[in-house]
Amino acid sequence: MVCQDHNNPLFPAHAQFSKFSNDPGAIIADKTRFIRLLEAGPFQYMFLRPRRWGKSTFLNMLATYYDVETKDQFDEVFGGLDIGKAPTTSRNSHLILLFDLSAINPVGPREEVKQSIFRNISGSLRSFLRRYRDILGNASPEEYIVPNGIADSLKNVLVSKFGGGLCHSTKRGNRS
């Protein structure tokens, strides 16, 4: 456990790791030691825990650790934690695509649920394309996100952008 201000302890109420990891008084369990274990084995993970057990916080910690855009904040966020003392070679070396599926409304007619899923996923794709704009060559979300096309939108961003243009046939504006 890490607690920097023992007079005013607080348990963070949100999962944004980089926002509270160094807050005075924040009580957190340093789970950064698991990063080395995750990297040592094959990539096959499923996090099954009850509500409020830190799944989102753990995944946000991983996102902050691996994100190329948080490289300048590494010492501030991870310096006092286990992984900060001996980082892996993969630190701050990835583009991170985050999905918050808890925001999807699963109640209502099928079409409304489908729209909720599309809005959620396309919002994540837009954030991803904006966040890494400089790295991705100013990729425009409108160019890659197909209205009402979840699978095509994902394929456009993940395959077209990174696969050498293999799937440009489904990009908006290039459709036949």
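The values are calculated or read from the model by the stated rules, or taken from the named source; none is laboratory data. From a predicted model like this one, the values you see are computed outputs, not experimental measurements. Here the Cβ positions follow ideal geometry from the backbone for every residue, glycine too, while neighbour counts run over all protein chains shown.
Just a few scattered comments:
- Test result for residue 102, part of a helix (DSSP H, G or I) and either over 22 Å from the mean Cα position of the chain (by Cα) or at pLDDT 95 or above (or both): no
- Top-ranked residue of region 59-102 - restricted to ones that are among the acidic types (Asp, Glu) and under 21 Å from residue 134 (Cβ atoms), ranked as surrounded by the most Cβ atoms within 10 Å (Cβ to Cβ): 67
- Within region 52-88, the set of residues being closer than 26 Å to residue 127 by Cα and more than 18 Å from the chain's Cα centre (by Cα) comprises 52, 75, 76.
- Note on region 34-48: residues that are surrounded by fewer than 10 Cβ atoms within 10 Å (Cβ to Cβ) and under 19 Å from the mean Cα position of the chain (by Cα) total 5.
- Residue that is of a type in the set (Lys, Arg), out of contact with any Phe, Trp or Tyr (no Cβ under 9 Å at 6 or more places or on another chain) and part of a loop (DSSP other than H, G, I, E, B), where the choices are 51, 91: 51
- Residue pairs meeting the criteria (Cβ under 6 Å; at least 6 apart or on separate chains; first at negative phi, in region 66-86; second among the hydroxyl-bearing types (Ser, Thr, Tyr) and not in a helix (DSSP H, G or I)): 77/21; 81/32; 82/32; 83/32
- Any hit, region 35-57, residues being on the phi < 0 side of the Ramachandran plot, at pLDDT 80 or above and among the aromatic types (Phe, Trp, Tyr): no
- Scanning region 26-49 for residues that are more than 30 Å from residue 142 (Cβ to Cβ), polar (S, T, N, Q) and out of contact with any Lys or Arg (no Cβ under 9 Å at 6 or more places or on another chain) turns up at least one hit.
- Those residues of region 128-143 which are in a helix (DSSP H, G or I), surrounded by fewer than 17 Cβ atoms within 10 Å (Cβ to Cβ) and within 19 Å of the chain's Cα centre (by Cα), in sequence order: 130
- Any chance residue 75 is assigned to a helix (DSSP H, G or I) and over 30 Å from residue 146 (Cβ atoms): yes
- Only a single criterion out of (1) assigned to a loop (DSSP other than H, G, I, E, B); (2) within 30 Å of residue 39 (Cβ to Cβ); (3) hydrophobic (A, V, I, L, M, F, W, C) is not satisfied by residue 107, namely (2).
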